[in-house]
């Protein structure tokens, strides 16, 4: 249910922005807009402002902007200067293209906001991988790793930070991995088999 609601919300935002592009472009070049609708089918809510009726319809799977004189053969078309087909090809092109343009601008804005906010990561991931604790009965405990050990390599790759350790261990669940570490100035190594953890089955050795 949550997935469905999220889908409808995102779709609604995309449709709204898309139709808003058509609407604003039409108003800018002097086209009379008769209806600005979100969704299709029976109109649940509607309000009229000036020449335009704004409404929300029963089926939230799209939307539309209805412009005066917008179709060839429309019986209501009078040839008035504020009708869609009375405008130049360039003006009509602007109205049609502004829907996709608004969606592209929305994507750029959302991406910029996400990148500006960044992604929060634990500070220790940039620290030296010195073992602080070992979980009882974990692969690391069975391999003999102890608090104070400084992990220098995992699977032959140097590990200067915990982030590097996580990368090498997390990508090797259920695989035998050689862990090299310093203990009291002496280099030692051990075979460890990371356990798959979580829904993504990320390897973990329990340190």
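The values are calculated or read from the model by the stated rules, or taken from the named source; none is laboratory data. Owing to the predicted nature of the structure, the values given are computational and were not obtained by experimental measurement. So basically every Cβ, Gly included, is an ideal-geometry build from the backbone, and we count neighbours across all protein chains shown.
Taking residue 102 and the conditions (1) assigned to a loop (DSSP other than H, G, I, E, B); (2) more than 30 Å from residue 146 (Cβ to Cβ); (3) at pLDDT 90 or above, which numbered condition does it fall short on, given that it satisfies the others?
The failed condition is (1).
Looking at 112, 190, 107, can you tell me which residue is outside the structural domain of residue 10 (by TED's automatic domain parsing) and either outside any loop (DSSP other than H, G, I, E, B) or loosely packed, with under 12 Cβ neighbours inside 10 Å (or both)?
Details: 112 fails: outside the structural domain of residue 10 (by TED's automatic domain parsing); 107 fails: outside the structural domain of residue 10 (by TED's automatic domain parsing).
Selected residue: 190, the only one of 112, 190, 107 that is outside the structural domain of residue 10 (by TED's automatic domain parsing) and either outside any loop (DSSP other than H, G, I, E, B) or loosely packed, with under 12 Cβ neighbours inside 10 Å (or both).
Test residue 160 against the stated conditions and say whether it is on the phi < 0 side of the Ramachandran plot and either touching a strand residue (DSSP E or B) at 6+ places or on another chain (Cβ under 6 Å) or surrounded by 17 or more Cβ atoms within 10 Å (Cβ to Cβ) (or both).
Here the answer is no, as residue 160 does not meet what is asked.
Would a scan of the range 63-84 turn up a residue that is at pLDDT 85 or above and in a helix (DSSP H, G or I)?
yes
Go through the range 136-150 and give me each residue that's part of a loop (DSSP other than H, G, I, E, B) and in contact with a strand residue (DSSP E or B) (Cβ under 8 Å, 6 or more places away or on another chain). Lay out the reasoning, then the answer.
The first filter runs over the range 136-150 and keeps only residues part of a loop (DSSP other than H, G, I, E, B), leaving 136-138, 144-149.
Passing the criteria: 138, 144, 145, 146, 148, 149.
Listed here are the residues, each with its yes/no results for (1) in contact with a strand residue (DSSP E or B) (Cβ under 8 Å, 6 or more places away or on another chain); (2) in contact (Cβ under 8 Å) with a residue 40 or more places away in the chain; (3) at negative phi.
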position	(1), (2), (3)
102	no, yes, yes
111	no, no, yes
134	no, yes, yes
152	yes, no, yes
173	yes, no, yes
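Restricting attention to the range 193-207, which residues are farther than 13 Å from residue 146 by Cα and either touching a residue at least 12 places away in the same chain (Cβ under 8 Å) or part of a strand (DSSP E or B) (or both)? Full working, then the answer.
At the first step, the residues of the range 193-207 found to be farther than 13 Å from residue 146 by Cα are 193-204.
193, 194, 195, 196, 197, 201, 202, 203, 204, listed by residue number.
For residue 154, indicate whether it is under 22 Å from residue 121 (Cα atoms), assigned by TED's automatic domain parsing to the domain that holds residue 128, surrounded by 13 or more Cβ atoms within 10 Å (Cβ to Cβ) and touching a helix residue (DSSP H, G or I) at 6+ places or on another chain (Cβ under 6 Å). Before you say what the answer is, go through the steps one by one.
Values: under 22 Å from residue 121 (Cα atoms): yes; assigned by TED's automatic domain parsing to the domain that holds residue 128: yes; surrounded by 13 or more Cβ atoms within 10 Å (Cβ to Cβ): yes; touching a helix residue (DSSP H, G or I) at 6+ places or on another chain (Cβ under 6 Å): yes.
Considered against the rule, which asks whether it is under 22 Å from residue 121 (Cα atoms), assigned by TED's automatic domain parsing to the domain that holds residue 128, surrounded by 13 or more Cβ atoms within 10 Å (Cβ to Cβ) and touching a helix residue (DSSP H, G or I) at 6+ places or on another chain (Cβ under 6 Å), residue 154 comes out as yes.
Any residue in the range 124-131 that is surrounded by fewer than 14 Cβ atoms within 10 Å (Cβ to Cβ), without any contact (Cβ under 8 Å) to a residue 40 or more places away in the chain and either assigned by TED's automatic domain parsing to the domain that holds residue 20 or in a helix (DSSP H, G or I) (or both)?
Yes, there is a match, as at least one residue in the range 124-131 is surrounded by fewer than 14 Cβ atoms within 10 Å (Cβ to Cβ), without any contact (Cβ under 8 Å) to a residue 40 or more places away in the chain and either assigned by TED's automatic domain parsing to the domain that holds residue 20 or in a helix (DSSP H, G or I) (or both).
Can you name the residue in the range 50-62 that is under 18 Å from residue 83 (Cα atoms) and modelled with pLDDT under 90 and, of all such residues, is surrounded by the most Cβ atoms within 10 Å (Cβ to Cβ)? Working first, answer last.
Step one: of the range 50-62, the residues under 18 Å from residue 83 (Cα atoms) are 50-53.
Those still in the list that are modelled with pLDDT under 90 too: 50-51.
On the way: 50: 7, 51: 11.
Among those residues, the one meeting the criterion is 51.
Which residues, counting only those in the range 1-38, are buried (at least 17 other Cβ atoms within 10 Å of the Cβ) and modelled with pLDDT under 85?
12
Of the numbered conditions (1) assigned to a helix (DSSP H, G or I); (2) in contact with a strand residue (DSSP E or B) (Cβ under 9 Å, 6 or more places away or on another chain), residue 3 satisfies every one except a single condition; which is it?
(2)
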